[in-house]
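Worksheet: the structure to be examined is printed underneath.
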Amino acid sequence: MSDKNLRKKIIVVGGGAAGCMAAIAACSAGGDVTLIEKNKAVAKKILSTGNGKCNFCHDVISPADFHLSADDEFISSVLKAYPVEKCLGDFRKMGITPLIKDGYVYPYSEQAKSVTEVLTRSLKGVDVVTECSVTDICKDGDSFIVKTSGKEYSSDAVIITTGGEAAPVTGSTGDGFKFAKSFGLKMKKCVPALTFLAVKDHPYKKAAGVRIRGTVTVLIDGKEAGSDTGQLQVTKTGFSGIPVFNVSRFASRALNEGKKVTLKVKFLPELSDDEIRGEFETRLSKQAGSAYDALIGLFPDSFADALLRNAGIDPDKKAEDADKTSEKLFKASRELSVVVTGCGDMASSQVTCGGVELSEVDAGTMECIKHKGLYLAGEVLDIDGMCGGYNLYFAWASGYIAGSSAAK
Ligand SMILES: Cc1cc2nc3c(=O)[nH]c(=O)nc-3n(C[C@H](O)[C@H](O)[C@H](O)COP(=O)(O)OP(=O)(O)OC[C@H]3O[C@@H](n4cnc5c(N)ncnc54)[C@H](O)[C@@H]3O)c2cc1C
């Protein structure tokens with residue numbers, strides 16, 4: 001018997017972030033690994049991450065950065081098995097020098113392509129089969145049969161890393177959920193997350209394109225579900241930007257369940273209510289020209305105009321009563337509350353909220369509790385992180401854990 005025949009045969013289904021890492025880990029742990037990817041090349045999605053720069057990790061990660069259908073112990077266990085330092089160390093070994101900006105970790109080249117290139121290079125030793133779609137996975141005694149359009153593969157273990165349903169153009173079309181269902185695994189319904197929100201009676205439509213700091217809070221049936229602060233982007237239909245992305249999962253799930261979703265927006269988030277009132281009063285009482293002139297330097301121009309109109313103030317005229325006008329401006333800039341009518345679809349969202357329930361896998365190995373030899377990693381699982389490199393971290397970490405465990 002050759003060495004190859006003694007090695008554990010592992011098939012990784014899906015060559016995205018989790019699949020590449022699982023295959024690399026399984027191979028270096030001694031497994032005989034085949035990675036099957038439906039696209040022409042592996043890691044297609046990575047190319048569009050982080051606006052083409054690939055924010056592949058965060059410098060500090062804690063359970064609070066994720067939403068998951070399990071208690072924090074699940075992610076604590078993942079962080080213990082694959083700490084951020086190990087993740088960054090593994091990427092350094094592959095050739096990626098980290099560049100850290102506000103905690104967001106990028107390759108120093110600031111090119112996502114670098115990450116796909118080093119992953120592809122590191123798959124040396126793995127049998128990589130591209131342009132091949134897996135259609136079914138089933139058990140045959142102790143072995144697994146992985147069916148593709150052309151060929152059937154047999155293995156000792158299978159790692160499902162087919163991603164979720166977000167950005168399906170990159171290959172993640174929810175196939176893993178079909179496989180998981182065929183094994184009787186419990187699933188949480190999938191909805192889009194890390195996406196924009198559309199609102200009714202949008203008061204700042206005319207300021208579309210403006211980027212401005214603010215705090216957004218999502219309320220579901222009147223109860224606060226999530227809040228975040230940072231740079232918002234005003235769009236024609238509502239709001240976008242990182243803080244909106246970070247709260248979108250709550251809105252997305254609630255809208256899907258037919259609940260009432262409200263978005264509260266507070267501009268000038270760094271100032272207290274008293275400071276804002278004072279700021280408006282000072283500017284308006286000192287003003288020589290129009291109400292618009294009084295706001296120059298505080299807000300972007302098109303937003304200042306829209307804010308004044310929204311507050312019922314003519315931007316082109318001098319405000320006669322500074323006290324009353326500043327109170328109106330205070331209300332418009334701090335008490336905006338709009339009904340959320342929709343959010344981005346799967347095609348325009350960055351991650352999937354939902355997926356295979358975490359109770360189906362052992363956090364220490366990513367092995368399916370009901371089916372020995374079957375592993376799941378990455379976005380196919382019901383866990384989604386905030387913007388900032390957390391989703392890719394989870395893909396690497398769960399992929400590493402699954403790959404090294406499967407090869408044992
Ligand atoms: C535009 C965009 C920007 C993002 N930016 C960031 C960022 O900067 N930082 C961050 O942390 N996260 C980011 N994300 C999220 C992150 O990319 C994903 O969470 C992560 O890639 C998930 O990895 P995965 O391996 O689980 O799934 P995927 O990367 O989706 O990979 C799944 C792979 O499986 C293959 N596949 C599917 N079905 C089959 C089948 N039947 N047979 C064979 N192959 C199959 C697919 O073709 C695909 O290659 C971004 C996402 C998008 C869409």
For this session: Give the number of residues within the stretch 52-94 that are of a type in the set (Lys, Arg) and loosely packed, with under 13 Cβ neighbours inside 10 Å.
Result: 3
Exercise. For the stretch 11-29, does any single residue satisfy the condition of being near the ligand (Cβ under 7 Å from one of its atoms), assigned to a loop (DSSP other than H, G, I, E, B) and either in contact with an Asp or Glu (Cβ under 7 Å, 6 or more places away or on another chain) or basic (Lys, Arg) (or both)?
Worked result: yes
Exercise. Mind checking whether some residue in the stretch 275-288 is outside any helix (DSSP H, G or I) and within 30 Å of ALA193 (Cα to Cα)?
Worked result: no
Exercise. Taking the condition free of Cβ contacts under 8 Å to residues at least 60 places away in the same chain, out of contact with any Phe, Trp or Tyr (no Cβ under 7 Å at 6 or more places or on another chain) and within 8 Å of the ligand (Cβ to nearest atom), does ASN5 pass?
Worked result: no
Exercise. Given the residues THR173, THR135, which is the only one that is assigned by TED's automatic domain parsing to the domain that holds LYS38, within 10 Å of the ligand (Cβ to nearest atom), over 19 Å from GLY403 (Cα atoms) and in a strand (DSSP E or B)?
Worked result: THR135
Problem set entry | Checklist (1) within 12 Å of the ligand (Cβ to nearest atom); (2) out of contact with any strand residue (DSSP E or B) (no Cβ under 8 Å at 6 or more places or on another chain) applied to VAL129, failing item | (2)
Exercise. Of the residues SER349, SER326, which single one is touching a residue at least 60 places away in the same chain (Cβ under 8 Å), in contact with a helix residue (DSSP H, G or I) (Cβ under 8 Å, 6 or more places away or on another chain) and among the polar types (S, T, N, Q)?
Worked result: SER349
Problem set entry | the stretch 153-168, subset within 11 Å of the ligand (Cβ to nearest atom) and of a type in the set (S, T, N, Q), residue surrounded by the fewest Cβ atoms within 10 Å (Cβ to Cβ) | THR162
For this session: Report, by residue number, each residue of the stretch 252-297 that is surrounded by 15 or more Cβ atoms within 10 Å (Cβ to Cβ), over 22 Å from SER227 (Cα atoms) and in contact with a helix residue (DSSP H, G or I) (Cβ under 7 Å, 6 or more places away or on another chain).
Result: ARG277, PHE280, GLU281, ARG283, LEU284, GLN287, ALA291, TYR292, ALA294, LEU295
For this session: Could you check the stretch 294-387 for strands (runs of 3 or more DSSP E) lying wholly inside it with 1 or more residues that are more than 16 Å from the ligand (Cβ to nearest atom), more than 18 Å from GLY403 (Cβ to Cβ) and not β-branched (Val, Ile, Thr)?
Result: 336-343
Problem set entry | Search result, residues across the stretch 138-152 that are assigned to a loop (DSSP other than H, G, I, E, B) and either crowded, with 16+ Cβ neighbours inside 10 Å or among the small types (Gly, Ala, Ser) (or both) | GLY141, SER149, GLY150
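The values are calculated or read from the model by the stated rules, or taken from the named source; none is laboratory data. Keep in mind the model is a prediction, meaning the values are calculated, not measured. Virtual Cβ from ideal backbone geometry, glycine too; neighbours counted across all protein chains shown.
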